[in-house]
Amino acid sequence: MQSSPTNVLFVCLGNICRSPLAEGVFRQTAHEAGNGHRFRADSAGTGSWHVGDPPHSRSVAVAARHGIDISAQRCRQLGADDLARFDVILGMDRANVEAIERLRQEAGAGSAHIGRLLDFAGRPGDVPDPYHGGREDYEAVFRLIAGAMPEVMTRLLGPATRRQA
Ligand code: 4NP
C-alpha cells in the first residue's frame, strides 16, 4: 500500500525570514533522502504585510551559502483553508502556534497536527524572529532549523502522522 503525500506547512509571522528557510531546508532534506515524493511542503505567514514578496535577502543569502535556493518563494498569508489542507502545521514560535490555533477555532476546521517546529523535533523552544537582526542572526536561525529537520523528517515518516492512501 502506497502512502499519499503528507502535507506540511511551516508558519511564521511575516513568511519572509524563518518559514521560507524551513520550507527550503525541509524540501532539501526530503529530496536528499529520496523522500521528496512523500511530502508536499509550503510556508505561510500569520501577517499580511509582505504578501507577494520574495523572502528576505538575508534568508535568501544564508540559504544560498548552504546550497539551497529559496529565491523563487513568494510570501502568502495563512488562511482558514490551510487548516483543512495540511496534515502538519509547524509554527516557528509560540505566538505563531497561538495564531494558528485561533484560526482553527474560528474556522472550526481540520484535524491538522499543530505545534512548534523545535518541539516537534524533540528540542523544545522558539526559532527567534531575526527580522531586525544581522547576518549572524540569520545564520543562527538557519542552524536551529537545519539541526531540527532530520528529526522532523523521521517523525513525519513514522506511523503517528503518516496518512495511508
Ligand atoms: P518572519 O520575520 O516571521 O520570520 O518572516 C518577520 C518578518 C517581517 C515582520 C516580522 C517578522 N514584519 O513585522 O514585517
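Computed from the coordinates by the stated procedures, all read-outs in this text should not be read as laboratory data. Because the structure is predicted, anything quoted here is derived from the model rather than measured. Every residue, glycine as well, gets a Cβ built from its backbone with ideal geometry; the counts of neighbours run over all protein chains shown.
Observations on the structure shown:
- Residue tally, condition over 17 Å from residue 144 (Cα atoms), of a type in the set (A, V, I, L, M) and part of a loop (DSSP other than H, G, I, E, B), over region 14-64: 2
- With respect to the conditions (1) in a loop (DSSP other than H, G, I, E, B); (2) in contact with a Lys or Arg (Cβ under 6 Å, 6 or more places away or on another chain), residue 83 falls short on a single one, namely (1).
- Whichever residue in region 121-132 is free of Cβ contacts under 8 Å to residues at least 60 places away in the same chain and near the ligand (Cβ under 10 Å from one of its atoms) and, among such residues, is nearest to residue 88 (Cα to Cα): 128
- Any chance residue 64 is within 21 Å of residue 36 (Cβ to Cβ) and surrounded by fewer than 19 Cβ atoms within 10 Å (Cβ to Cβ): yes
- The set of residues in region 126-139 being under 15 Å from the mean Cα position of the chain (by Cα), of a type outside the set (Asp, Glu) and surrounded by fewer than 19 Cβ atoms within 10 Å (Cβ to Cβ) consists of 128 alone.
- The residue pairs whose first member lies in region 32-57 and is touching a residue at least 60 places away in the same chain (Cβ under 8 Å), whose second member is within 9 Å of the ligand (Cβ to nearest atom) and not β-branched (Val, Ile, Thr), and whose beta carbons are closer than 6 Å, counting only pairs six or more residues apart or on different chains, are 56/17.
- Selection of region 39-59 for residues being more than 15 Å from the chain's Cα centre (by Cα), more than 10 Å from the ligand (Cβ to nearest atom) and crowded, with 18+ Cβ neighbours inside 10 Å yields only 58.
- Region 12-26 residues that are over 13 Å from residue 130 (Cβ atoms) and touching a residue at least 24 places away in the same chain (Cβ under 8 Å), paired with ones that are more than 8 Å from the ligand (Cβ to nearest atom) and aromatic (Phe, Trp, Tyr) (beta carbon under 8 Å, 6 or more apart): 23/10; 25/142; 26/10; 26/39
- Count of residues meeting criterion [more than 16 Å from the ligand (Cβ to nearest atom) and either closer than 16 Å to residue 100 by Cα or outside any loop (DSSP other than H, G, I, E, B) (or both)] in region 1-13: 4
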